[in-house]
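Asker: Next up is a structure, given as structure tokens.
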Amino acid sequence: MTAFIDWVSKALMVIAAVLAFLLCFLVVGDVSGRVFFGSPIKGTTEVISLAIVTICFLQSGYAIRSGGMLNVDTVVVKFSPRWQSIFAVFGAFAGLFFFAFICYGTLDGAAHAWTSNEFEGEGAMRVPVWPTRFVIVLGTALASICYFILMVQNLQRVIKGEPPVLSSSQH
């Protein structure tokens, strides 16, 4: 299960990286069109605003599994390895709760965006909102699963009295 979650997290991170790379071309085209031809690419603002949210949530699972999420351990490192793992369990539980809460809260919005055919922007370029809304659901669900895995791994470390696991590369 962990290997599959790692694979999915990496695949979504690669998709996010490709999307970010493609956005560079859109921005250059928009700026070039505005400067040289007096005509920007229509809908650039809408596409970029939705794409940035998409990129962030596509990368959330990988950030957790790779240990890239914020982890302040200034005080925690003063404790024994077992207590460090106990704190890591609580931290993973907090992350699990936070992302599960967001996932649950965005389900209705994603369904509404799909059924109502919600769009961002007006005029010549209208961008559908539902793909971004469903990526938020997917990203937060994956982040919740990643934090659950991290919580279980650290519970095992508590029992053994070992220091915490902070990323998938440590086990």
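Asker: Just checking, how many residues over region 144-168 are charged (D, E, K, R) and assigned to a helix (DSSP H, G or I)?
Answerer: Result for region 144-168: 2.
Asker: Give ALA51, ALA63 a once-over and let me know the one that is of a type in the set (A, V, I, L, M), closer than 21 Å to CYS146 by Cβ and within 20 Å of the chain's Cα centre (by Cα).
Answerer: The unique qualifying residue is ALA63.
Asker: Something else: Between a first residue in region 97-111 that is closer than 15 Å to LEU150 by Cα and a second residue that is of a type in the set (Gly, Ala, Ser), which pairs have beta carbons less than 6 Å apart while being 6 or more apart in sequence or on different chains?
Answerer: Here the result reads PHE99/ALA143; PHE99/SER144; ALA100/SER144, each pair linking region 97-111 to a residue that is of a type in the set (Gly, Ala, Ser).
Asker: For region 126-154: of the residues being of a type in the set (A, V, I, L, M) and out of contact with any Ser or Thr (no Cβ under 8 Å at 6 or more places or on another chain), which is surrounded by the fewest Cβ atoms within 10 Å (Cβ to Cβ)?
Answerer: Selected residue: VAL152.
Readers should treat all values here as calculations from the given coordinates under stated rules, not as data from a laboratory. Given the structure is predicted, the values throughout are model-derived calculations rather than measurements. Every residue, glycine among them, receives a Cβ derived from its backbone with ideal geometry; neighbour counts consider all protein chains shown.
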